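The values are calculated or read from the model by the stated rules, or taken from the named source; none is laboratory data. Since the structure is predicted, the reported quantities are computational estimates derived from the model, not experimental observations. Backbone-built Cβ (ideal geometry, glycine too); neighbour counts: all protein chains shown.
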Amino acid sequence: MVSPATLDRRQAVAALMAERGDLLVVAGLGSPAYDLHAAGDHDANFYLWGAMGGAALTGLGLAQAQPGRPVLVLTGDGEALMGLGGLATIAVAAPKNLTIAVLDNGHFGETGMQKSHTGHGLDLAAVAAACGLAETGTIRDMAGIETLRASLHQPAAGPRLFVVKVEARNLPRSLPARDAVYLKNRFRGHLGLGVN
């Protein structure tokens with residue numbers, strides 16, 4: 001049973017991906033990638049199989065390279081905690097087309113469900129606000145997910161980060177391709193760039 005304060009992660013991600021249009025999505029290592037794949041594989045999905053802590057900065061690079069396209073980063077609280085310094089860099093770079101959704105279950109899901117810093121009370125939205133991101137917040141219900149989904153294609157004052165509180169449980173894995181060259185070339189092909 002899902003706590004009233006948390007969401008089913010698969011349902012939340014599927015709702016974010018509804019009517020995605022030209023949205024480019026970077027999924028961090030582990031559960032965010034499984035959740036994105038479960039919502040439907042797409043050539044505009046870039047799954048990170050390594051680079052723990054690097055999803056938000058990968059999203060920054062993509063947002064800078066594709067300023068005309070909305071970019072969504074799906075990451076977990078564990079990965080976001082590993083890349084906290086990247087939030088300051090993202091704030092300074094100030095892309096207006098980048099949104100980061102942190103799927104926060106308060107645990108390190110890939111290493112045994114140990115309680116993470118957010119499980120001990122750290123507020124990632126407050127950290128992002130202190131770093132200078134243009135908009136931050138915490139989402140605990142599907143109405144908040146729908147509001148976020150509707151905003152993904154809207155102009156923003158700068159980069160945004162939303163913590164999505166999800167229930168702490170391991171779901172069956174929905175595994176996308178693991179071949180990094182294939183994923184890179186598929187994504188570049190979707191963008192109309194050369195592949196090799």
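Can you name every residue in the stretch 114-125 that is crowded, with 16+ Cβ neighbours inside 10 Å and either on the phi > 0 side of the Ramachandran plot or part of a helix (DSSP H, G or I) (or both)?
Correct list: Thr118, Gly119, Leu124, Ala125.
Please work out if Ala128 is assigned to a helix (DSSP H, G or I), surrounded by 13 or more Cβ atoms within 10 Å (Cβ to Cβ), modelled with pLDDT of 95 or more and not basic (Lys, Arg).
For Ala128, the condition - assigned to a helix (DSSP H, G or I), surrounded by 13 or more Cβ atoms within 10 Å (Cβ to Cβ), modelled with pLDDT of 95 or more and not basic (Lys, Arg) - is met.
If you check Leu152 against the conditions, is it farther than 22 Å from Thr118 by Cβ, in contact with a Ser or Thr (Cβ under 7 Å, 6 or more places away or on another chain) and surrounded by 13 or more Cβ atoms within 10 Å (Cβ to Cβ)?
Yes.
Filtering the stretch 164-196 down to residues that are among the hydrophobic types (A, V, I, L, M, F, W, C) and in a helix (DSSP H, G or I), which residue is surrounded by the most Cβ atoms within 10 Å (Cβ to Cβ)?
So, considering only residues that are among the hydrophobic types (A, V, I, L, M, F, W, C) and in a helix (DSSP H, G or I), the one surrounded by the most Cβ atoms within 10 Å (Cβ to Cβ) is Phe187.
Kindly indicate whether any position in the stretch 103-111 is part of a loop (DSSP other than H, G, I, E, B), under 16 Å from the mean Cα position of the chain (by Cα), crowded, with 21+ Cβ neighbours inside 10 Å and free of Cβ contacts under 8 Å to residues at least 60 places away in the same chain.
Looking for residues that are part of a loop (DSSP other than H, G, I, E, B), under 16 Å from the mean Cα position of the chain (by Cα), crowded, with 21+ Cβ neighbours inside 10 Å and free of Cβ contacts under 8 Å to residues at least 60 places away in the same chain, one finds none in the stretch 103-111, hence no.
Tell me yes or no: at least one residue of the stretch 98-114 is among the polar types (S, T, N, Q), at pLDDT 95 or above and within 25 Å of Ala180 (Cα to Cα).
Yes.
Okay, residues lined up against (1) at pLDDT below 95; (2) surrounded by fewer than 19 Cβ atoms within 10 Å (Cβ to Cβ):
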| position | (1), (2) |
| --- | --- |
| Gln11 | no, yes |
| Val26 | no, no |
| His37 | no, no |
| Asp43 | no, yes |
| Thr58 | no, no |
| Ala63 | no, no |
| Leu72 | no, no |
| Gly85 | yes, yes |
| Thr89 | no, yes |
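Taking Ala143, is it out of contact with any Lys or Arg (no Cβ under 9 Å at 6 or more places or on another chain) and assigned to a helix (DSSP H, G or I)?
It is true that Ala143 is out of contact with any Lys or Arg (no Cβ under 9 Å at 6 or more places or on another chain) and assigned to a helix (DSSP H, G or I).
What residue, among those in the stretch 1-50 that are hydroxyl-bearing (Ser, Thr, Tyr) and part of a helix (DSSP H, G or I), is nearest to Gly78 (Cα to Cα)?
Ser31
Checking the condition part of a strand (DSSP E or B) and closer than 22 Å to Phe46 by Cβ, which residue from Leu133, Leu161, Leu81 passes?
Going through Leu133, Leu161, Leu81 in turn, the sole match is Leu161.
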